[in-house]
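The values are calculated or read from the model by the stated rules, or taken from the named source; none is laboratory data. Keep in mind that what you see is a predicted model, and the values were worked out from it rather than measured. Cβ placement follows ideal geometry from the backbone for every residue including glycine, while neighbour counts extend to all protein chains displayed.
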Amino acid sequence: MHGIRSRGFIRIAVANEVPYGFMNADGQAHGIAPDVAKHVLGEIGIHRQQWVVTTFGSLIPGLRARRFDMVAASQNVLPARCTQVAFSVINSSYGEGLLVKAGNPLGIHDYDWFLKHRDKKFAIVAGPDELRFAHAVGIHDSQIVNLSANADALSAVADGRVAAYAATGLTVARLARHSKAVEPAAPFTQPMVDGHSVRSYGAFSFRKDETSLLTAFDKALDAYKKTDAWAHTLM
């Protein structure tokens, strides 16, 4: 944390994923993770931030390469990721969803639908957990289409290039607000992985050598989570 204080600001990465962490039209960082991070960092005396936009798959490599100091993208805490970076206490919890064409003409309500329709395409953004879930269910790589950003899902689904776009339930719901040509698949059955219905737990990530920063951040985040203001950021 000494290096950050000497520099005068902290560098924070987002993956431009609504609603978890994104830059708005004015170049300001917003979302579940950035809004919480700004408050918590202020509580520990770090008031200036420099925001960095990168792909989801580059978040951990970029953090480890010291291109930024922390990640505010509500990354799911997974054992494989814990071997590479240090996570804060949990900040959010979320399930999955599918974005489909308005009216859901294909009748898609779960990942398993793609096991019965091997000619249909299943879109994801490269890097997030949906690829792992798709493989666990049995969806073939030949069916999977990688998009560069979740905003690209609107046209991909509406134009019929893919049958559905897989993301977290919150992301799917927020995307659907931007186009009448798409909607969240409803009802939707969560994918099963290792015999359990999927549930993800998002947190902030730091380099493993930033122990003083993580300790201070966790203490302030724990206190903030007891307030109505914190709960409001998740709505």
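What the table below lists for this structure:
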{"item": "Long-range neighbours under 6 Å by Cβ, at least six apart or interchain, first residue free of Cβ contacts under 8 Å to residues at least 60 places away in the same chain within the range 54-69, second basic (Lys, Arg) and surrounded by fewer than 20 Cβ atoms within 10 Å (Cβ to Cβ)", "result": "PHE68/ARG11"}
{"item": "Criterion violated by ASP228 - all others in (1) of a type in the set (Asp, Glu); (2) free of Cβ contacts under 8 Å to residues at least 40 places away in the same chain; (3) within 30 Å of ALA153 (Cα to Cα) satisfied", "result": "(3)"}
{"item": "Conditions (1) at pLDDT below 95; (2) over 18 Å from the mean Cα position of the chain (by Cα): number failed by ARG67", "result": "(1)"}
{"item": "Elements of type strands (runs of 3 or more DSSP E) contained in the range 24-103, each with 2 or more residues being of a type in the set (D, E, K, R) and out of contact with any Cys (no Cβ under 8 Å at 6 or more places or on another chain)", "result": "96-101"}
